[in-house]
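Below you'll find the structure, written out as structure tokens, and then a few comments.
The values are calculated or read from the model by the stated rules, or taken from the named source; none is laboratory data. Owing to the predicted nature of the structure, the values given are computational and were not obtained by experimental measurement. Here Cβ is always computed from backbone atoms with ideal geometry, including for glycine, and neighbour counts include all displayed protein chains. Calculation scope for accessible area: heavy atoms of the full protein, side chains included, ligands and nucleic acids excluded. Shrake-Rupley method; radii C 1.70, N 1.55, O 1.52, S 1.80 Å.
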Amino acid sequence: MRVSALRMFLGRHTIGLIGLAILATAATAAIFAPWIAPYSPTKVDLLARLVPPFWVEGGSLKHILGTDNLGRDILSRVIHGAQISLAVGGGAVVLGAIIGSLVGLFAGYFGGMVDAALSFLINVQLSFPFTLLAIFLLATFGGGFLSVVVVVALATWVNYARVVRGQVMSVKNQEYVEAARSVGVPTRRILWRYILPNVLSSIIVVASFSMAQAILTEAALSFLGVGIGGATPSWGTMLNDGRNYLQNAWWMTAMPGIATALTVLAGNLCGDWLQDRADPRFRK
Amino acid sequence: MTTAPIIRAEGLTVEFGGRRSLLGRQTAPVVQALSNIDITVETGETLAVVGESGCGKSTLGRALLRSTPITRGRIAFKGQDITTMEGEALRSARRHFQMIFQDPYASLNPKMKIFDTLAEPLRVHTDESSAAIRTRVLDMLEAAGLDRSFAERYPHEFSGGQRQRVAIARAAILRPDFIVADEPLSALDVSLQLQILKLFASLKQQFSLTYLFISHDLARVFGFADRIAVMYLGKVVEIGSAREIYHAPAHPYTRALIAAAPSPDPERKTGTLGGEIPSPLNPPKGCRFHTRCPMAMDVCSTLEPQMTSIGGQHSAACHWVAPQPTAV
Amino acid sequence: MSSAMLEVKGLNVSFQTGDGAVHAVRDLSLTVAPGEIVGLVGESGSGKSVTMMSVVRLLDRRRTEIRAEKMVVDGRSLLELGRRDLESVRGPIVSYIFQDPLTALNPLLTVGRQITEGMRRHKGMSRSSARARAIDLLRRVGIPAPETRIDQLPHQMSGGMRQRVMIAIALAADPKLLIADEPTTALDVTVQAEIVKLVQSIQRERGMAMVWVTHDLALLAKLADRVVVMYAGRIVEDATAEQLYAQPSHPYAAGLLASTSRIDDPFTEQDPIPGTPPNPKIVSPGCSFAPRCSRAQPRCEAELPELHITDDGRRVACFNPIMRT
């Protein structure tokens, strides 16, 4: 009896569990990086430049995933890179969620001029080529962790705004909201206790998809050279570094690329799973 | 009787639609949900409003609570004009008049515990301590026939009947002067309808409440209401005490409603009313009921009948009701 | 004895939900004679709609389990019927009217198309003769100016008219058995009275057998020949209309009748049935109604009362039924 219940649980939630597993791995790597990574990510070893991964001829178990053009261990850099990517991803998601949800909340609930103004803002952002905006902002305000988080948040807030706006527009017409109004509940309390909790599940779904987008955006910015910079590599920086060595040291690009792809995939899988769970049709 | 009525509405008209373009042209058709209604609700009574779809009974309930914008007319609550009340004044006035909705599955916030749903009116309108609130909420749960342990649970764990009890408890917890119940029984099973009706009655007695009870089930309200108002296409066509209406229905529409109601008595004949309800966008001229009325005369299609007293509390808007010089 | 139009024996229907199985219908046996009108009464959770939907196999195969000893319509067994055979039965033999005409009708097809569709498939009629027949049907169900209405879409009509259209569609293939699943619940009382009158006259005209599913006992009083009362997935009483309205035997049926709104006597105080309907996921070993029953004996909660035939020919599932004095 127990076994079949477990199997049913696993079967229904496989997608989500896989996603969670990958994210958990990445998070663990990020948190315990100094202890897990075999080498320091910035340790240069010119005698061991461009060593291929251990399963390729010329590789060795000393550098499982190989080394880059400065002899730095790829595996260690990938593990440490998780810190940046996840930190930026997480920070941007939270910031983007707060900004976007608030915009969506007000636009959806108050309608009229407020909605018109905010929707215009959303559309402006959407039609503007983001990369240019990002480069401009980072060039003006300098790089650094906070700037990058803000810029990446700017990439994602629009998703929340649109989804939340739509959800709020349908929730505000629900009878329990009308009931609250007729009880005499003031508007700010209605927003906080009646509208927001009922759109929270959509926000979480958008967040998991956004996380993926955030990580990719950070990688792109680093790739373009306007990323965080500094000693600790991010996956995007690694991709940038590996650009010139695609022919003879493909692993310099492939490893951070796979790490990025897996994390993004994990975010999307979790998003899918949460979305299915949020949809009442799948519950029954 | 010298107590002022709880609600007095005069010339109440509610129109929907009718958007005007920038050039002042009518871009959407106007629907008159309520048309020039005069109605009074006396303190301590249960006034039932019955009618079929499109008659405006729901709109009337909402309009009296200022939940729907009023196009024309005046509403006075306990003598005070609330027609143009807005903002904070209206919001805090709401503690005196509350609403119970039809669908128990939709009128409770799914993310709030039952306790919080019931505590909300108290938290918003009073500054009682949490201990005091707790006592009042639990007492109210009990008065509504629910177990006190339900307070910690969420709406989805309960059946329709139980949720409706919560909705009723929420409306009554502030002991409001006036409660509008909008078809509170319609979504419930037959056996539960009677239980909830008993709850309404017991709370009314306990807390001296005044009800406006909206329903499409005429038979149910006869035994429950003091007075009944019958509506058709935005107008009140007849009003009177429950017994007056039952024993001497004056308006042909009221008679049709009574005749059409199904009855378990095998001897009783069911009457039918032909035709369709006209579109509210284009109501019939004169008496709105004349297109379906078995007794329609020429004057009915040109002149709108006024509410005429028949005696006692009984009035009807029909050309067949001759004005009485003295009460019968 | 003429063979039954509908014969169901030992029907069990259960659904799989997230947390356990719901036994919507339990061990149900029901017969409908040709030309007979049977009213199937119950509240939500009684299983009345599920029963009839199982007969015409309208339930989702993946989630429901239907088991029956026998399920025969007009001599044809409905169990294990393939889709094609099932379609040949639906229409000419059994027709179904749904509760909400707005969602049951295809919003994109004209009324005429929806009526003639079945006709042309089952009887192979030409387009013009099918259309003529459809206009006739619309007239028969009381829709004025049918030649115009036939090309209208459902949303252009009122609720009452849409329901008449549903009846027309159901009649199009001349069924021998009509199943009406709460067809007037969503309608105004004056419209309901008209629809009931209409269905009565059509039934008399064609001699169809009919099962009318409803929660309103009052409605069936003059309509049904026999009334079957369901509670928690089982039949608790099966009597002629005359018998039931004079005095129900089963305490639940009596309580239900006592709770029904009475236009003939609205000022008399009524007593509600105490308590709430049982949780459909929990199967009790005894009578499901016992916790709410004023006539319950210790035996009732422990043992399940089976349907037995009383002296006056009814079926009642009760250890302590109300006897006719």
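Going from the chain on its own to the full set of protein chains, region C:262-289 has these residues losing 50 Å² or more of accessible surface (heavy atoms, 1.4 Å probe, no ligands, DNA or RNA): C:Ile263, C:Asp264, C:Pro266, C:Phe267, C:Pro272.
In chain A, what percent of the accessible surface is made up of carbon and sulfur (1.4 Å probe, ligands and nucleic acids excluded)? Here it works out to 68 percent.
Report which residues of region B:193-211 become buried by 30 Å² or more of accessible surface when going from the isolated chain to the complete set of protein chains (1.4 Å probe; DNA, RNA and ligands ignored). Residues shielded by partner chains are B:Leu194, B:Gln195, B:Lys198. In order along region A:41-51, phi translates into HN-Hα couplings of x, 9, 5, 8, 9, 5, 7, 10, 6, 6, 7 Hz, rounded to whole numbers, per the Karplus curve 6.51 cos²θ - 1.76 cosθ + 1.60 with θ = phi - 60° and x for Gly and Pro. Summed over both chains, the area buried between B and A is near 1700 Å², taken from the accessible surface of protein heavy atoms with a 1.4 Å probe. Counting Cβ atoms of other protein chains within 10 Å of each Cβ in B:267-275 and taking the mean gives 5. In the calculated pair-distance distribution of the protein assembly as shown, the portion above 42 angstrom amounts to 51 percent of the Cα-Cα pairs. Of all DSSP beta bridges confined to chain B, the antiparallel ones make up roughly 60%. Expressed as a fraction of 2.2 N^0.38 Å, the C-alpha radius of gyration for chain C is 1.03. Residues of region C:200-242 that bury at least 40 Å² of accessible area once all protein chains are present, compared with their chain alone (1.4 Å probe, heavy atoms only, ligands and nucleic acids left out), are C:Ala218, C:Lys222.
In this structure the amide hydrogen of A:Thr67, modeled in the peptide plane, comes within under 5 Å of the amide hydrogens of A:Leu50, A:Val51, A:Ile74, none closer than 5 places in sequence on its chain.
Classify region C:221-263 from the C-alpha gyration tensor, please: rounded if a/c falls under 1.5, else prolate or oblate depending on whether a/b exceeds b/c. It comes out oblate by the Cα gyration axes.
Remark on B:Ile100: its backbone amide H falls under 5 Å from those of B:Val180, B:Ala181, B:Asp182, a criterion applied only to residues 5 or more positions apart or on other chains, H modelled at 1.01 Å from N. Probing with 1.4 Å while keeping every protein chain in the model, the per residue accessible area of the protein assembly as shown equals 45 Å². Residues in region B:305-310 carry Karplus couplings, in order, of x, 9, 5, 10, 6, 10 Hz; the curve used is 6.51 cos²θ - 1.76 cosθ + 1.60 with θ = phi - 60°, and Gly or Pro positions show x.
Legend: mean number of C-beta atoms from other chains within 10 angstrom of residue C-beta atoms, peptide B:120-127, equals 3. Whole-Hz Karplus values for region C:22-34 come out as 10, 8, 6, 9, 10, 6, 9, 10, 8, 10, 10, 7, x Hz, taken residue by residue from phi with 6.51 cos²θ - 1.76 cosθ + 1.60 and θ = phi - 60°; glycine and proline positions read x. Net charge in the neighbourhood of C:Gly47 (other residues with Cβ under 9 Å of its Cβ; Lys, Arg +1, Asp, Glu -1) is +3. Structure note, pairs C:Lys176/C:Lys197; C:Lys48/C:Lys281; B:Lys269/C:Lys176; A:Lys172/C:Lys281; C:Lys123/C:Lys176: Cα-Cα distances above 22 angstrom occur for B:Lys269/C:Lys176; A:Lys172/C:Lys281. Local charge for B:Met112 was computed over the other residues whose Cβ lies under 9 Å away, with Lys and Arg +1 and Asp and Glu -1, and equals +1.
Solvent-accessible area of region B:7-271 (1.4 angstrom probe, protein heavy atoms only): carbon and sulfur portion equals 48 percent. Surface burial for C against B, with a 1.4 Å probe and both sides summed, reaches about 3400 Å² of accessible area. Return the percentage of antiparallel bridges among DSSP beta bridges fully within chain C, rounded to the nearest 5 %. Beta bridges within chain C, antiparallel portion: roughly 60 percent. According to the Kirkwood relation over distinct C-alpha pairs, the hydrodynamic radius of region B:7-271 is 19.7 Å.
Excluding same-chain neighbours fewer than eight residues apart, the lysines reachable from A:Lys43 by a Cα-Cα span under 22 Å are A:Lys62. Rounded to the nearest 5, the antiparallel percentage of DSSP beta bridges internal to the protein assembly as shown is 60%. Across region A:73-125, Cα-Cα pairs more than 17 Å apart make up 54 percent of the total.
In whole Å, how far is the Cα centre of region B:284-301 from that of region A:62-82? Cα centres, region B:284-301 to region A:62-82: 91 Å. Within the accessible area of region C:68-202, the carbon and sulfur atoms contribute 50%, probe 1.4 Å, all protein chains present.
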